[in-house]
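**Q** Would you mind keeping the following structure in view while I ask a few things?
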Amino acid sequence: MICDNLTALDGVLHFAGQNTLALAQEYGTPLYVMDEDRIRTNCRTYKKALETFYGPEAMPLYAGKAASFTRLIKIIKEEGFGLDVVSAGEIATAKNADFPMEHAYFHSNNKTDADIALAMDCGIGYFVADNVEEVDAVNAIAGEKGIRQKILLRLTPGIDPHTYAAVATGKVDSKFGSAIETGQAEEITAHALSLSNIDLAGFHCHVGSQVFDSDVFLRASEIMLEFISHIRARFGYTARMLDLGGGYGVRYVDSDPVSDISANIAQVASAVKAKCAELSLPLPALRMEPGRSIVADAGITLYTAGTVKKIPGYKNYVSVDGGMTDNPRFALYGSSYTVLNAGKLNEDCDFECSVVGRCCESGDILQENVKMPSSVGRGDIIAVLTTGAYNYSMSSNYTRIPRPPIVMVSREKSQVSLAVRRETAQDVLSLDL
Ligand code: LLP
């Protein structure tokens with residue numbers, strides 16, 4: 001199996017020690033299941049590697065956009081991570097989890113004045129300021145509130161991360177950040193340094209997501225440190241913090257490579273240290289912002305199969321009771337997933353089909369070219385693996401379909417409990433006046 005929290009017992013898929021058919025029976029489908037122990041193990045891998053290879057001045061921040069709900073953010077807090085938030089909703093979730101807001105970093109390319117004021121009122125640690133307008137707005141609102149706000153400036157180092165276009169953000173042509181190559185990064189730095197309510201702590205970049213090429217991160221760190229050195233020579237200002245963003249890839253299917261997070265961090269840490277030594281720069285506090293690699297393999301989604309449609313000479317369809325509303329990633333990016341018939345793991349898989357959702361939309365596909373047992377039929381439980389990241393957080397109520405619940409499983413605590421309840425039609429209706 002693609003992750004060691006998945007096992008087959010008597011032909012039945014078990015996840016984090018739980019029988020998935022029993023979970024589906026008890027909580028209904030569609031159902032997101034999350035493995036708390038796996039989230040904690042992933043957090044600890046980052047924490048330990050950063051401490052071991054870089055030192056106490058390194059801190060991982062969890063990128064809440066991958067998945068954000070109160071129970072999860074409490075786990076992130078307990079694991080000693082900082083937090084990357086991108087919206088008022090994620091800030092509210094952090095507050096609800098009693099997250100120490102001084103360790104929260106507020107991203108996004110277009111924060112409204114209301115967002116900025118709210119984040120300051122919550123005592124946010126850092127703004128990751130994307131552009132000049134934002135720097136000015138943060139300066140003005142900080143002035144009104146009588147504070148000096150710490151910020152990082154988001155820069156684009158001009159790197160192609162070799163991933164799919166929608167998540168490649170480090171190139172010069174990006175809606176995010178100021179490009180080093182065009183001179184805009186230097187301009188915004190000079191501007192931030194001139195403002196009295198801004199405390200420029202350092203610089204941030206995020207080159208992309210689902211990245212397997214570790215050279216990308218090494219190159220990014222070198223370019224960022226060369227920029228920091230250039231800025232020191234130009235303005236006499238030395239950055240205290242370097243944030244290299246998130247992006248390490250995870251395995252969705254057997255053919256995806258395995259990322260060794262510890263080894264990657266060891267490489268990045270030694271590249272940063274070597275470059276700082278070369279440029280005679282003091283070591284900056286280091287931040288990394290993993291999202292996907294913390295939660296992706298800690299999640300699966302369970303569905304119940306409905307209609308099986310066979311079109312002789314064309315193809316076959318297996319419809320499930322969820323779809324693009326709980327996982328839009330195939331529809332958006334053509335993302336690969338491993339799909340299993342959770343109760344029939346012992347049967348041969350000789351029936352090729354598309355596994356599709358129940359929205360009135362042809363593009364509502366979870367995965368194509370899936371191999372299922374030929375006995376697949378109404379009532380079977382279908383599992384999609386590695387759905388912990390960018391599924392719940394990207395879910396929608398398209399066609400007024402309520403969102404699934406999240407059940408959290410912990411083998412260590414011998415616990416299975418709902419962390420997010422199932423939405424009802426009444427929840428969906430509740431905003432209608
Ligand atoms: N930091 C920043 C500034 C980011 O923009 C992102 C992701 C991360 C950290 C976390 O990256 P990760 O470690 O999760 O790769 N919806 C897309 C992914 C969008 C990623 C956006 N930014 C997907 O489903 O693949």
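**Q** Just want to confirm a number: the relative contact order over the stretch 72-213, from Cα pairs under 8 angstrom separated by 6+ residues, in percent. If you can, show how the numbers build up before the last one.
**A** Values: 255 pairs, mean separation 29.7, N = 142.
Once divided by the residue count of the stretch 72-213, the mean separation gives 21 percent.
**Q** With a 1.4 Å probe and every protein chain left in place, tell me how much accessible area GLU278 has, in Å² to the nearest 10.
**A** Answer for GLU278: close to 130 Å² accessible.
**Q** Pop a pseudo-label 7 angstrom from the Cα along the beta-carbon direction at both SER270 and LYS315 and give the gap in nm to one decimal.
**A** Rounded to a tenth, the inter-label distance reads 4.5 nm.
**Q** Scan around VAL420 for amide H atoms under 5 Å from its own, H built in the peptide plane at 1.01 Å from N, and keep only partners 5 or more places away or cross-chain.
**A** Under 5 Å from the amide H of VAL420 lie the amide H atoms of ILE406, each far enough along the sequence or on another chain.
**Q** Take peptides 20-33, 249-262 and line them up by average Cβ neighbours within 10 Å, highest first, as a rough protection proxy. Walk me through the numbers before you get to the answer.
**A** On the way: 20-33: 20.1, 249-262: 15.4.
Going from most to least packed, we get 20-33, 249-262.
**Q** Quickly estimate the mean residue ellipticity at 222 nm for the chain, helices only: each DSSP H run with n ≥ 4 gives -39500 (n - 2.57), and the total goes over all residues, rounded to 500.
**A** -9000 deg cm²/dmol
**Q** What are the ³J(HN,Hα) couplings of the stretch 410-415, residue after residue, when phi is run through the Karplus curve with 6.51, -1.76, 1.60 and θ = phi - 60°? Round to Hz, x for glycine and proline.
**A** Computed from phi, the couplings for the stretch 410-415 are 9, 5, 4, 8, 6, 10 Hz.
**Q** May I pose another question? Under 28 Å Cα to Cα from LYS315, which lysines show up? Leave out anything in the same chain fewer than 8 places away.
**A** LYS344, LYS371
**Q** Please list, in order along the stretch 201-217, the HN-Hα scalar couplings obtained from phi with the Karplus expression 6.51 cos²θ - 1.76 cosθ + 1.60 (θ = phi - 60°), rounded to whole Hz, x for Gly and Pro.
**A** Those phi angles translate into 8, x, 10, 10, 8, 9, 7, x, 10, 6, 9, 10, 7, 5, 4, 4, 6 Hz.
**Q** Between GLU368 and THR112, what FRET efficiency comes out of the Förster formula 1/(1 + (r/R0)^6) with R0 = 41 Å and r the beta carbon distance, rounded to 0.05?
**A** Taking R0 as 41 Å, the efficiency between THR112 and GLU368 is 0.55.
**Q** How would you classify the stretch 167-286 from its alpha-carbon gyration tensor, with a ≥ b ≥ c the square roots of the eigenvalues: rounded for a/c under 1.5, else prolate if a/b is greater than b/c, otherwise oblate?
**A** Verdict is prolate for the stretch 167-286.
**Q** A further question on this structure: Search the structure for amide H atoms under 5 Å from the amide H of LEU366, placed 1.01 Å from N in the peptide plane, and list their residues when 5 or more places away or on another chain.
**A** The answer is VAL355, VAL356, GLY357.
**Q** Direction-averaged shadow area of the convex hull around the Cα atoms of the chain, nm²? Display every interim value, and only then the final one.
**A** On the way: hull surface 87.9 nm².
In nm², the orientation-averaged hull projection of the chain is 22.0.
**Q** Another question about this same structure. Please give the per residue volume of the convex hull enclosing the alpha carbon atoms of the stretch 36-294, rounded to a whole number of Å³. Mind dumping the intermediate values first?
**A** Values: hull volume 29.8 nm³, N = 259.
Measuring per residue, one finds 115 Å³ for the Cα hull of the stretch 36-294.
**Q** Hey, another quick one. Which pairs in the list LYS111/LYS171; LYS48/LYS74; LYS65/LYS171; LYS77/LYS175; LYS47/LYS273 are over 27 Å apart, alpha-carbon to alpha-carbon?
**A** From the list (LYS111/LYS171; LYS48/LYS74; LYS65/LYS171; LYS77/LYS175; LYS47/LYS273), the Cα-Cα distance tops 27 Å for LYS77/LYS175.
**Q** Compute the label zone of TYR398 within the stretch 308-347: residues whose backbone N is under 11 Å from the point 7 Å along Cα-to-Cβ.
**A** Under cut-off, by backbone N: 323-333.
**Q** Scan around ALA63 for amide H atoms under 5 Å from its own, H built in the peptide plane at 1.01 Å from N, and keep only partners 5 or more places away or cross-chain.
**A** ASP84, GLY291
**Q** Okay, moving on. Under 19 Å from the Cα of LYS145, which aspartates and glutamates turn up, not counting those fewer than eight places away in the same chain?
**A** Those aspartates and glutamates meeting the cut-off are GLU102, ASP113, ASP115, ASP121, GLU133, GLU134, ASP136, ASP199.
**Q** Right, something else. Given +1 on the Cβ of Lys and Arg, -1 on the Cβ of Asp and Glu, and no further charges, what dipole in debye does the stretch 46-203 carry about its Cα centre, rounded to the nearest 20? Provide the component values of the computation, followed by the final result.
**A** Numbers: 14 positive and 22 negative charges, 112 e Å.
The calculated dipole for the stretch 46-203 is roughly 540 debye.
**Q** Compute the FRET efficiency between SER375 and ASP136 as 1/(1 + (r/R0)^6), taking r as their Cβ-Cβ distance and R0 = 45 Å, and round to the nearest 0.05.
**A** Values: r = 64 Å, r/R0 = 1.42.
With a Förster radius of 45 Å, E is 0.10.
The values are calculated or read from the model by the stated rules, or taken from the named source; none is laboratory data. As the structure is a computational prediction, the values presented were derived from the model and not from experiment. In this analysis, Cβ positions are derived from the backbone assuming ideal geometry, glycine residues included, and neighbour counts consider all displayed protein chains. With ligands, DNA and RNA removed, areas are computed over all heavy atoms of the protein, side chains included. Shrake-Rupley method; radii C 1.70, N 1.55, O 1.52, S 1.80 Å.
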